[in-house]
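Structure first, then comments.
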Amino acid sequence: MASASLSTPLCDLLGVRYPVIQAPMAGGWTTPELVSAVVNAGGFGCLAGSGVPPDRLREEIRAVKERTDRPFGVNFLLAPPGPGSQDVAAVQRFLDRFRERFGLPRGETDLRISPPPLEEQLEVLFEERVPVLSLALGDPGELVQRAHDEDMLVVSMVATVEDAVRDAQGGVDAVVAQGAEAGGHRSTVELGPDGAAPLVGTLALIPQVVDAVGVPVVAAGGISDGRGLVAALALGAAGIQMGTRFLLARESGAHPAYRRRLLEATEVDTVVTRVFTGRPARGLRNRFVEDYLDAGSEPLAWPLQRAAAGDIYAAAQAANDGDHSPLLAGQGLRMLREEGRGAAEIVDQVVAEAEAVLTRLGVESSGAPSA
Ligand SMILES: Cc1cc2nc3c(=O)[nH]c(=O)nc-3n(C[C@H](O)[C@H](O)[C@H](O)COP(=O)(O)O)c2cc1C
């Protein structure tokens, strides 16, 4: 049973026991097995809907519902195309050096990218009565009202106070404040002229977002254990969203080379770069990143870069090669000790550690300091 100190307004809002969210992670990592294990353990789990065709999304949602009747969410990335290079031919000729290793043909210069089928995907969510819509990398805008009309809650991820205020004023039910330590894409729409995203650390960002909005704030970025959960609550957050830690859960879809690299990496081994997809994202510095950065070659604009390099990423993953596909990860890497632990054990462990920290700090279950 969680101490009262761990029961926050986020738990009431989402109808969960613990204020621990498993981050949606596009790429096939957040499987229905992972999401359902987290929610059955008392946390909140989220499928990644980005890039998932509507029919498959429906199957994944149903697979979660077969395993649990507790609430869960589905996430989409809203970033519009650009900014950045459109010179596909130049980038493909650069990427050809990676293709040789896998015996792949020269890269296509005629990349046809259809816009994401967001309308069809949303229709699936509405029909399947998914309880929570999770959004990132964009302004939720009119999606908030549409989701509310379907009795869904909306959670949006932001990386600046300005975006948090925009989303809170727009009616979202909670915001995830994503610090610079976070693995994955920086959750901003606007990028600087050089394509860079704001990098405000979790410790600085959380209290400033908390002070600016009236909805529950969830802390994300570099949080990997119960100490991080208590720290987030101390900063005024109502919970945490962890991505990297859950990649190592037994139920995650992360491939063996990815898992091994995560366990070998340290806090200095990640970089925020546009080379993976065209938008700034934090991931492990592997050979692909190093070669790209050494060459100083300009990646394509989002989402062209992901599409251009997609054959290389797929071949690398199929070959269990950790060097030539994005291994997105946050900075809390030395805290990842386990391999093969179930997601429920991770939730239990984070909660137990947080309770131990509260006891050490002399915080009783009422939340009041002990005498
Ligand atoms: C592999 C990976 C993929 C991610 N994909 C998504 C995504 O599809 N949607 C999203 O909202 N956030 C995504 N994120 C970011 C997470 O929501 C969250 O901000 C981040 O994982 C928190 O930092 P941490 O990884 O240090 O726990 C991803 C993170 C990782 C590590």
Relative contact order of the chain, pairs being alpha-carbon contacts under 8 Å that are 6 or more residues apart, as %: 20 percent
Just want to confirm a number: the relative contact order over region 112-258, from Cα pairs under 8 angstrom separated by 6+ residues, in percent. 18 percent
Which residue, chosen from Ala197, Gly103, Pro131, occupies the Cα position most advanced towards the positive end of the dipole of the chain, where the dipole is computed from +1 (Lys, Arg) and -1 (Asp, Glu) charges on Cβ about the Cα centre? Gly103
Please compute the Cα-Cα pair-distance distribution of the chain with 10 Å bins starting at 0, giving whole percents from short to long. 5, 25, 35, 25, 8, 2, 0, 0
Taking a label point 7 Å from the Cα of Glu100 along the Cα→Cβ vector, which residues of region 308-328 have an amide N closer than 19 Å to it? 309, 311-313, 315-316, 323-325
When only alpha-carbon atoms are used, what values of Rg and Dmax, in angstrom, describe region 191-280? 15.4, 42
Quick one: Cα centre-to-centre distance for region 31-97 and region 200-242, in angstrom? 23 Å
Check which residues have an amide H placed less than 5 Å from Val363's amide H, if you skip close sequence neighbours. Ser370
Indicate, rounded to the nearest 5 percent, the antiparallel portion of the DSSP beta bridges found entirely in region 4-360. 20 percent
With a length cut of 18 Å (Cα positions projected on each helix's long axis) and a Kyte-Doolittle mean of at least 0.0, go through the chain and give me the DSSP H helices that pass. 304-318, 343-360
Among Leu118, Leu284, Leu77, which one shows the biggest mean-square fluctuation in a GNM of the chain, springs joining Cα atoms closer than 10 Å? Leu118
As a check on your grasp of the helix formula, calculate [θ] at 222 nm for the chain: sum -39500 (n - 2.57) over DSSP H runs of n ≥ 4, divide by the residue count, round to the nearest 500. -11500 deg cm²/dmol
Which FRET efficiency, nearest 0.05, do Gln208 and Glu353 yield, Cβ-Cβ r, R0 22 Å? 0.25
Give the peptides 105-116, 268-279 in descending order of average Cβ contacts within 10 Å, highest first. 268-279, 105-116
Square roots of 5 times each gyration tensor eigenvalue, C-alpha, region 13-169, largest first, Å: 32, 20, 15
Qualifying GluC sites (Glu not before Pro) for region 284-369 [loop in DSSP, other Cβ within 10 Å: at most 16]: Glu338, Glu339, Glu364
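Bear in mind these aren't lab numbers, they're just calculated from the coordinates by the rules spelled out. Here the structure is a predicted model, which means the values were calculated and not measured. In this analysis, Cβ positions are derived from the backbone assuming ideal geometry, glycine residues included, and neighbour counts consider all displayed protein chains.
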